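Since the structure comes first, as structure tokens, the remarks are kept for the end.
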Amino acid sequence: MSSTVRVHLKGVVDNSYDIVIGTSLRQALRDIANDFRDASKFIITDSNVKSHYGGIFNNKLFRILTVPAGERSKDRKTKEYLEDRLLSLRADRNSLIIALGGGVIGDLAGFVAATFMRGIPYIQIPTTLLAQVDSSIGGKVAINHPLGKNLIGAFYQPKKVYIDTGTLKTLPEKEFPNGMAEVIKYGAILDIQLFNFLEKNHKQILKRDRSSLTRIIKRCCQLKKMIVHQDERETGLRRILNFGHTVGHAIEALSNYRIGHGEAIAMGMVAEAKLSYALGMINYDDITRLSRLLQAYGLPITIPSRFTLKQLLRATLHDKKIKQGTVQYTLLEKIGKAKVGVQLTLKEVEQHLNR
Ligand code: NAD
Ligand code: GLY
């Protein structure tokens, strides 16, 4: 049976929407066909997801636009390609985009939807753990620039999010820890009980036990909704979700996106936990506990030595959170609690991380 988490976003316009957890992909597509009967509907997906799930699309109801799988598709060229395809297929202001895939597809298709004809509706159907717990919720959509991640984007909320946890069965082995990094992040910054649960049940979770996964996904959706509800446009509190991401994004960019997002933020979280420790905010035990949990889920905790600290810190300057020469970090106060907006110069970070 499915359950629903509602994201309330009532500003000048009502951007609230439901996250339906535990539905099936087929049912989601049926619901969409019903709810958007008169709209032309375009599924944007990637080559891998299409090879697993392409068989269930009704090609009379949905047009499928496929891009190559991988982070490299989150670029201007692919956005242009999709826009050209939409125009040639006569998409209009009433058309609907459905982002079916991981975070790359969600961010890319969402950004296409945000700007196509000044904005058309879109729906997220996330198929990776990372996308189900994080990227499909909250309306951050973007593409990358050669200078850094997500530098070109928008806040643009989906009309609905459908989560079929069954799609995680086909997720490649290395993609699972990628998503677990974001799950662990939620525990580390907001929810000690979630953190404890992840520690106690790692064997079951790693076996992708459906009920544990559903429980985790639902909790993460609730936590993300709570944050987005209070700070949709990341003026303050939402930065809490960036724990591990300042250093993590720098690692991703330096590796030319060969290191996956989750792996990079796992290393980033440990580096930023060390920064929290150096500033007297947490105990050394907290770093150990965080590192152990990340490792239990197969995540790396040490930044490859081929990236020097100087290179890494220089790369953090392309982060969107930079302000008057200082980089804004989200740091830990303890497991389950974090502090946003800790401003540090490159020199300070270098000194602290060099110890
Ligand atoms: P991804 O979208 O590249 O998916 C990972 C791989 O899994 C791909 O090869 C994909 O083809 C494949 N795949 C997806 N679903 C599958 C399935 N069910 N079965 C088999 N294969 C499947 O990567 P990701 O980790 O989901 O997302 C990473 C992206 O998300 C990054 O670009 C990151 O910046 C972004 N992100 C965005 C937000 C946000 O709030 N918008 C938050 C976190 C991350
Ligand atoms: N993933 C960070 C955010 O949505 O704000």
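The values are calculated or read from the model by the stated rules, or taken from the named source; none is laboratory data. Keep in mind that this is a model prediction, so the values were computed, not measured. Every residue, glycine as well, gets a Cβ built from its backbone with ideal geometry; the counts of neighbours run over all protein chains shown.
Details
- Any hit, the stretch 63-74, residues being within 16 Å of ligand 2 (Cβ to nearest atom) and under 19 Å from the mean Cα position of the chain (by Cα): yes
- Number of the condition not met by D285 [criteria: (1) closer than 22 Å to A142 by Cβ; (2) surrounded by fewer than 21 Cβ atoms within 10 Å (Cβ to Cβ); (3) among the charged types (D, E, K, R)]: (1)
- The set of residues in the stretch 228-252 that are at negative phi and either within 11 Å of ligand 1 (Cβ to nearest atom) or in contact with a Pro (Cβ under 7 Å, 6 or more places away or on another chain) (or both) comprises V228, R238, L241, N242, H245, G248, H249, E252.
- Some residue of the stretch 190-213 being in a helix (DSSP H, G or I) and under 15 Å from the mean Cα position of the chain (by Cα): no
- Odd one out for S47 among (1) small (G, A, S); (2) more than 13 Å from ligand 1 (Cβ to nearest atom); (3) within 25 Å of the chain's Cα centre (by Cα): (2)
- Against the criterion of being without any contact (Cβ under 8 Å) to a residue 60 or more places away in the chain, polar (S, T, N, Q), touching a strand residue (DSSP E or B) at 6+ places or on another chain (Cβ under 8 Å) and assigned to a helix (DSSP H, G or I), S276 qualifies.
- The residues listed here are V20, V67, V49; of these, the one that is surrounded by 13 or more Cβ atoms within 10 Å (Cβ to Cβ), within 13 Å of D164 (Cα to Cα) and hydrophobic (A, V, I, L, M, F, W, C) is V20.
Rundown of residues vs (1) of a type in the set (D, E, K, R); (2) touching a Gly at 6+ places or on another chain (Cβ under 8 Å); (3) closer than 20 Å to I19 by Cβ, yes/no style:
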| residue | (1), (2), (3) |
| --- | --- |
| D75 | yes, no, no |
| A91 | no, no, no |
| G101 | no, no, yes |
| I105 | no, no, yes |
| Y122 | no, yes, yes |
| V141 | no, yes, yes |
| K159 | yes, no, yes |
| K174 | yes, yes, no |
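- Residue within the stretch 124-132 that is near ligand 1 (Cβ under 7 Å from one of its atoms) and closer than 27 Å to A91 by Cα present: yes
- Per the listing K185, K224, K218, the residue uniquely within 16 Å of ligand 2 (Cβ to nearest atom), in contact with a strand residue (DSSP E or B) (Cβ under 9 Å, 6 or more places away or on another chain), at pLDDT 95 or above and in a helix (DSSP H, G or I) is K224.
- Number of positions in the stretch 130-162 that are among the aliphatic types (A, V, I, L, M), more than 14 Å from the chain's Cα centre (by Cα) and away from ligand 2 (no atom under 13 Å from the Cβ): 3
- Taking the stretch 122-174 as the range and being in a loop (DSSP other than H, G, I, E, B) and under 26 Å from R258 (Cβ atoms) as the test, the residues that pass are T127, T128, S136, P146, L147, L171, P172, E173, K174.
- Test: residue in the stretch 120-129 that is away from ligand 2 (no atom under 13 Å from the Cβ) and among the polar types (S, T, N, Q): yes
- Of all residues making up the stretch 100-121, the number that are more than 10 Å from ligand 1 (Cβ to nearest atom) and closer than 28 Å to R208 by Cβ: 1
- Residues located in the stretch 329-352, provided they are under 22 Å from V183 (Cα atoms) and polar (S, T, N, Q): T330
- Residues satisfying the stated conditions in the stretch 133-152, i.e. more than 7 Å from ligand 1 (Cβ to nearest atom), in contact with a strand residue (DSSP E or B) (Cβ under 7 Å, 6 or more places away or on another chain) and farther than 13 Å from H249 by Cβ: S136, I137, G139, I143, I152
- Condition met for K149 (in contact with a Pro (Cβ under 8 Å, 6 or more places away or on another chain) and either among the polar types (S, T, N, Q) or farther than 12 Å from A131 by Cα (or both)): no
- Scanning the stretch 127-171 for residues that are touching a His at 6+ places or on another chain (Cβ under 9 Å), among the hydrophobic types (A, V, I, L, M, F, W, C) and at pLDDT 95 or above yields L130, I152.
- The residue pairs whose first member lies in the stretch 106-130 and is closer than 26 Å to G179 by Cα, whose second member is polar (S, T, N, Q), and whose beta carbons are closer than 6 Å, counting only pairs six or more residues apart or on different chains, are G106/Q124; G106/S135; G106/S136; Q124/S136; P126/Q132; P126/S136; T127/T167; L130/N178.
- Any hit, the stretch 287-300, residues being assigned to a helix (DSSP H, G or I), in contact (Cβ under 8 Å) with a residue 60 or more places away in the chain and within 13 Å of ligand 1 (Cβ to nearest atom): no
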